[in-house]
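See structure below.
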Amino acid sequence: MSEVRKGDWIKTWSGRQFWPMDPKVEDVNILDIAHSLSNLCRYGGHVNRFYSVAEHSIHIASRLQNEGYDKQIIKWALLHDATEAYCADVPRPLKNFLPDYMKIEEGISKVIIEKYNMLPDMPDIVKEYDDRITLNEMDILTNNESFPVREGNRLPIVSNKILNWKLTPVEIRSKFIWMCNELLIY
């Protein structure tokens, strides 16, 4: 008799069944995460060019790596949005009003943390860099004539890279996977 799972499943890029309401460690696959995040546009698509969640994650992880942080911190930076491979990228202003969504995302996060032997909680430095890079990305990737420039402590780590990287989702996926291999994420 097969196991009864809660909710329904989505078919991932690798052909697996992933149950967002009942996630299991064995259902998580780094290639599915890399593929999905490289095809998922940040900011609900309201950007001047396609800018994927994977590219955003690579920029944060690369910055922390260049600053000499240990692999556990860099791993968290690279995978801090990995849940979005299974439940999409919901912009922060909307996500704050979706408590059930946040519970689902938390359940998925727990299995990803277990699968990839991550620290139990996102390190503060990753949260800080995520917030700071978001301000920087918004300045670069949105029409600043329509949107006021946000105040805050920007992290000027991506300006040239965002403007100069014209990579396809497949190329971003390859960079993401390469970084996973470097961090021994399997």
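Just so it is clear, none of the values below were taken in a lab; they were calculated from the coordinates. From a predicted model like this one, the values you see are computed outputs, not experimental measurements. Counting neighbours? That spans all protein chains shown, and the Cβs are built from the backbone with ideal geometry, glycine included.
Quick look at the values:
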read-out	value
Derived scalar couplings ³J(HN,Hα) [region 9-21; Karplus, 6.51 cos²θ - 1.76 cosθ + 1.60; whole Hz; x for Gly, Pro]	10, 10, 8, 8, 4, 7, x, 6, 9, 10, 9, x, 7
Sorted by Cβ density within 10 Å, fewest first, the residues VAL90, VAL53, VAL170, VAL28	VAL170, VAL90, VAL28, VAL53
Dipole magnitude of the chain, debye to nearest 20 (Cβ charges: Lys/Arg +1, Asp/Glu -1, about Cα centre)	340 debye
Label-point gap, in nm, between HIS46 and GLU171 - each point 7 angstrom along Cα→Cβ	2.8 nm
Estimated distance in nm for a label pair at VAL25 and LYS95, the labels positioned 7 Å out from Cα along Cα-to-Cβ	2.5 nm
Fraction in percent of alpha-carbon pairs per bin - 5 Å, region 10-182	1, 8, 17, 22, 23, 16, 9, 3, 1, 0
Peptides 62-70, 117-125 ordered by average Cβ neighbours within 10 Å, highest first	62-70, 117-125
Listed residues CYS87, TYR69, CYS41: farthest to the positive end of the dipole of region 10-182 (Cβ charges)	CYS41
Structure-based [θ]222 nm, the chain - -39500 (n - 2.57) summed over DSSP H runs of at least 4, per residue, nearest 500	-15500 deg cm²/dmol
Local electrostatic count, LEU167, Cβ distance below 9 Å [Lys/Arg +1, Asp/Glu -1]	0
Efficiency of FRET between ASN66 and SER14 - r from beta-carbon atoms, R0 30 angstrom, step 0.05	0.45
